[in-house]
Amino acid sequence: MGNIDKSKERILRVIANKRKNTTLFKLSLPSLWLKQMGVCENDRFLKLKFENNIITISKAVEADINDEQ
């Protein structure tokens, strides 16, 4: 698998699902980027961090998952 330019940017379409008292937002991440992160079809958790109006996404490790449950 070839390396990708880590500075690559994409504009993604966001889907908003309105519920009774809230709105959920969904988007699709490029599969090549997720594969480069080591994420496979069996992984069900990603770690998201929100800081200074920036969302950072990384592969969750077992300790991250246990902390949330």
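The values are calculated or read from the model by the stated rules, or taken from the named source; none is laboratory data. Source: prediction; values computed, not measured. Neighbour counts run over all protein chains shown; Cβ positions are idealised from the backbone, glycine included. The protein model used for the area step is the full one, side chains on, heavy atoms only, and it has no ligands, DNA or RNA in it. Shrake-Rupley method; radii C 1.70, N 1.55, O 1.52, S 1.80 Å.
Scanning region 39-69 for residues that are assigned to a loop (DSSP other than H, G, I, E, B), out of contact with any strand residue (DSSP E or B) (no Cβ under 6 Å at 6 or more places or on another chain) and of a type outside the set (D, E), we see that the one that is farthest from E9 (Cα to Cα) is Q69.
This table checks each residue for (1) open to solvent by 60 Å² or more (accessible area, probe 1.4 Å); (2) of a type in the set (A, V, I, L, M); (3) at pLDDT below 90.
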| position | (1), (2), (3) |
| --- | --- |
| G2 | no, no, yes |
| R10 | yes, no, yes |
| N17 | no, no, no |
| S28 | yes, no, no |
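Here is the figure for region 26-38: residues that are under 12 Å from the mean Cα position of the chain (by Cα) and either without any contact (Cβ under 8 Å) to a residue 12 or more places away in the chain or part of a loop (DSSP other than H, G, I, E, B) (or both) total 7.
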